[in-house]
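Take a look at the structure below.
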Amino acid sequence: MPSAGSGGALLIVPVTGVGEVVRGTDLAAVLLAAMAGTGLEVRAGDCLVVSSKVVSKTLGLAWRGGKADAVGNETVRVVAERRGDAGITQVVESVSGPVMAAAGVDGSNTGPSSRLLLLPGEPDTEAARLRDDLLAALGLPASAPLAVVLSDTAGRPWRNGLTDFALGAAGLHVIEDLRGRSDHDGRPLTVTTRALADEVAAAADLVKGKADGIPAALVRGLPATWFAGDAQGARSLLRTGPGDWFALGHVEAVRQALGVAAGSSAAREVGVPSTRTDEPFPTRVGRVVALALRDVPGGSADVGLEEPAESAEVTLGAADDYDLGRLVTRCQVAASSEAMEATLVGRPPGAVVVRLVDGT
């Protein structure tokens with residue numbers, strides 16, 4: 001394979017012939033042998049993008065139980081959840097770092113056992129270990145410009161479809177900070193930072209594919225300035241804590257404000273919203289009422305559905321005026337979590353009547 005030209009072109013070549021790997025497989029040796037078998041040669045300045053699944057297999061990260069237990073085991077916190085035909089799907093902050101569906105627990109391309117695979121808990125450490133093994137096998141020093149990116153697949157907020165990203169990285173600057181520089185027109189750049197490792201992972205996936213059994217790709221032609229043996233790993237790309245504007249889904253944020261955290265037993269008792277966009281209105285009203293009543297001991301709610309079933313009148317009652325006021329407020333807030341509008345329409349003795357209208 002020739003070197004990339006001076007015009008900034010990249011060469012991305014699939015690594016074929018790897019075969020199935022198992023726990024304890026010397027992954028560096030297997031990858032180098034597969035490349036040698038097709039005439040490929042790893043050089044200084046190359047980046048090897050490897051699917052995290054093959055790393056998980058060599059680490060023996062197969063899960064013997066059910067998927068819900070596996071996801072729970074790999075979850076730091078639940079960001080959002082929805083109920084579907086196959087059960088509850090959660091978007092979570094995973095033990096391995098990224099926020100993703102089902103904590104990255106997956107049953108595709110997992111080998112003959114068909115067991116679920118977990119992500120490596122420390123993907124940057126695994127990328128660094130694989131890089132060290134490759135350097136040793138190639139007889140290159142630790143300072144050599146050689147990078148390893150462990151890739152995985154995830155969806156993205158506000159975008160349909162899946163794409164690969166850098167789960168772990170070693171030997172490569174994972175982000176390029178362009179703030180303080182100027183654009184082509186001479187205007188200052190104030191917010192631009194490029195996720196280099198994610199871009200490399202996504203580019204490599206174009207030749208790896210999802211159904212072709214190709215677990216790695218060789219990327220050649222990256223700028224020399226992108227390489228550094230002591231570069232920060234992919235975990236530095238994570239945006240969590242105070243800088244995370246989207247720590248919870250909008251529905252989960254409302255429910256948590258009312259004392260029902262995503263992933264909790266209380267969330268199950270109140271009911272988890274469905275993935276369906278045509279979920280029956282009465283079912284959604286039931287969750288509004290259950291959420292409103294959750295923290296009002298002695299509170300009551302009598303639901304009267306109106307025709308057509310796009311509105312309902314709910315008569316709320318409580319032990320005293322203070323709790324009744326709390327219950328009305330909680331009902332109004334809970335309604336927003338179900339895309340409903342809540343208005344007060346009546347004040348019979350000792351009660352308040354609220355009309356819920358479908359706002360979708």
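Tabulated results
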read-out: Neighbours by Cβ (under 9 Å, 6+ apart or cross-chain): first from the range 136-149, touching a residue at least 24 places away in the same chain (Cβ under 8 Å); second exposed (fewer than 15 other Cβ atoms within 10 Å of the Cβ) and outside any loop (DSSP other than H, G, I, E, B); value: 137/29; 145/224
read-out: Long-range neighbours under 9 Å by Cβ, at least six apart or interchain, first residue touching a residue at least 40 places away in the same chain (Cβ under 8 Å) within the range 45-67, second part of a loop (DSSP other than H, G, I, E, B) and of a type in the set (Lys, Arg); value: 57/23; 59/23; 61/23; 62/23; 62/115; 63/115; 64/115
read-out: Candidate set from the range 121-153 (those that are surrounded by fewer than 23 Cβ atoms within 10 Å (Cβ to Cβ) and of a type in the set (Val, Ile, Thr)); member that is farthest from the chain's Cα centre (by Cα); value: 125
read-out: Residues of the range 69-118 satisfying the condition of being modelled with pLDDT of 90 or more, polar (S, T, N, Q) and outside any strand (DSSP E or B); value: 73, 96
read-out: Residue that is within 19 Å of the chain's Cα centre (by Cα), small (Gly, Ala, Ser) and surrounded by fewer than 15 Cβ atoms within 10 Å (Cβ to Cβ), where the choices are 80, 68, 44; value: 68
read-out: Subset of the range 270-306 (residues that are acidic (Asp, Glu) and touching a helix residue (DSSP H, G or I) at 6+ places or on another chain (Cβ under 8 Å)); value: 295
read-out: Residue list for the range 205-222, restricted to those being in a loop (DSSP other than H, G, I, E, B), on the phi < 0 side of the Ramachandran plot and surrounded by 12 or more Cβ atoms within 10 Å (Cβ to Cβ); value: 210, 214, 215, 222
read-out: Whichever residue in the range 237-256 is in a helix (DSSP H, G or I) and loosely packed, with under 14 Cβ neighbours inside 10 Å and, among such residues, is modelled with the highest pLDDT; value: 250
read-out: Breaking point among (1) within 30 Å of residue 103 (Cα to Cα); (2) surrounded by fewer than 16 Cβ atoms within 10 Å (Cβ to Cβ); (3) acidic (Asp, Glu), for residue 338; value: (2)
read-out: Filtered residues of the range 183-198 (kept if out of contact with any strand residue (DSSP E or B) (no Cβ under 7 Å at 6 or more places or on another chain) and of a type in the set (A, V, I, L, M)); value: 191, 195
read-out: Residue within the range 189-204 that is among the hydrophobic types (A, V, I, L, M, F, W, C), over 18 Å from residue 228 (Cβ atoms), modelled with pLDDT under 95 and assigned to a strand (DSSP E or B) present; value: no
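The values are calculated or read from the model by the stated rules, or taken from the named source; none is laboratory data. This is a predicted model, so every value here is computed, not measured. Please note: Cβ atoms are built from the backbone with ideal geometry, for glycine as well, and neighbour counts cover all protein chains shown.
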